[in-house]
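Encoded as structure tokens, the structure appears first; notes follow it.
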Amino acid sequence: MEYVAFDFETANGQRWSACSLGAVKVVDGIMVKHFYELIDPLTSFAPNNIRIHGITPEQVQGKPAYDEVIGRFQEFVGEAPVVSHTQFDRGVIRAANEKFRLPELGMNYFDSCQLARNLWRGKLSSFSLKSLCQQIKFEFNHHNALEDARAAAYVIHALTMYSKTQTVEDLLKVGNVKQFYTL
């Protein structure tokens, strides 16, 4: 089983305002590579967002913009499907691609939160990334893009073990997800 878990942090309430991107490539349950970049969002930072993730305008000054970083992310991903926890990160890609006038990435995407809700319905009271990781005993630094990507990958690993599946496609089928979404 191979996939890439990813996560964005944003500078403000605009979905396209990506200020960091983290990702991990997982092959047969092992995180084999990681990707992390700070991104100049080319817009202002909201104080609340800074409080949440700790990234400041000074830290991204001189860093590449989204349109540069997303190309490197695509190279990192290759042909693997991508996963994030909730559709927030999928929305960042859609909004930023629109803002920067970029085409769709052509990646197969699935959502770890949706799978957890479907497979563990009635067993848990919350499906937030933090709550799920507490339940499955995975510690991480929440709201750091690379750490959140690692956590989403661990959720997928836990779901794979729970469902006894061997491929992403089988996991989606058992998790009652009809198909991949396209980014």
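The values are calculated or read from the model by the stated rules, or taken from the named source; none is laboratory data. Note that the structure is predicted; figures quoted are calculated from it, not measured. All Cβ positions, even for glycine, are placed from backbone atoms using ideal geometry, and neighbour counts span all protein chains on display. Please note that ligands, DNA and RNA were not included when accessible areas were found on the heavy atoms of the full protein model with its side chains. Shrake-Rupley method; radii C 1.70, N 1.55, O 1.52, S 1.80 Å.
Brief remarks on what is shown
- Cβ-Cβ under 7 Å pairs, at least 6 apart or on other chains, segment 57-71 side farther than 10 Å from ALA18 by Cα and hydroxyl-bearing (Ser, Thr, Tyr), far side open to solvent by less than 80 Å² (accessible area, probe 1.4 Å) and modelled with pLDDT of 95 or more: none
- Segment 86-103 residues that are surrounded by 16 or more Cβ atoms within 10 Å (Cβ to Cβ), paired with ones that are of a type in the set (D, E, K, R) (beta carbon under 6 Å, 6 or more apart): ASP89/ASP7; VAL92/ARG15; ALA95/ARG15
- Members of segment 133-160 found to be of a type in the set (A, V, I, L, M) and modelled with pLDDT under 95, listed by number: ILE136
- The number of residues in segment 157-183 being in a helix (DSSP H, G or I), surrounded by 14 or more Cβ atoms within 10 Å (Cβ to Cβ) and of a type in the set (A, V, I, L, M, F, W, C) comes to 6.
- Residue in segment 127-147 that is under 27 Å from GLN14 (Cβ atoms), in contact with an Asp or Glu (Cβ under 7 Å, 6 or more places away or on another chain) and of a type in the set (D, E, K, R) present: no
Here's the yes/no breakdown for (1) out of contact with any Leu (no Cβ under 8 Å at 6 or more places or on another chain); (2) surrounded by 17 or more Cβ atoms within 10 Å (Cβ to Cβ); (3) aliphatic (A, V, I, L, M); (4) at pLDDT 95 or above:
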{"position": "ARG15", "(1), (2), (3), (4)": "yes, yes, no, yes"}
{"position": "VAL24", "(1), (2), (3), (4)": "no, yes, yes, yes"}
{"position": "SER44", "(1), (2), (3), (4)": "yes, no, no, yes"}
{"position": "PRO47", "(1), (2), (3), (4)": "yes, no, no, yes"}
{"position": "PRO57", "(1), (2), (3), (4)": "yes, no, no, yes"}
{"position": "GLN61", "(1), (2), (3), (4)": "yes, no, no, yes"}
{"position": "ASP67", "(1), (2), (3), (4)": "no, no, no, yes"}
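- Take the conditions (1) touching a strand residue (DSSP E or B) at 6+ places or on another chain (Cβ under 9 Å); (2) under 14 Å from PRO81 (Cβ atoms); (3) buried (at least 17 other Cβ atoms within 10 Å of the Cβ); (4) of a type outside the set (Lys, Arg); ALA145 misses just one of them, which is (2).
- Conditions (1) out of contact with any helix residue (DSSP H, G or I) (no Cβ under 8 Å at 6 or more places or on another chain); (2) over 14 Å from LEU183 (Cβ atoms); (3) not in a helix (DSSP H, G or I); number of the one not met by LEU146: (3)
- Among the helices (runs of 4 or more DSSP H) confined to segment 13-114, the ones with at least 3 residues that are out of contact with any Pro (no Cβ under 7 Å at 6 or more places or on another chain) and of a type in the set (Asp, Glu) are located at 66-77.
- For segment 26-42, a residue qualifies if it is acidic (Asp, Glu) and either buried (at least 16 other Cβ atoms within 10 Å of the Cβ) or in contact with a helix residue (DSSP H, G or I) (Cβ under 9 Å, 6 or more places away or on another chain) (or both), and the qualifying residues are GLU37, ASP40.
- Taken over segment 115-130, the criterion of being assigned to a helix (DSSP H, G or I), closer than 30 Å to ASP40 by Cα and not charged (D, E, K, R) is satisfied by LEU129 alone.
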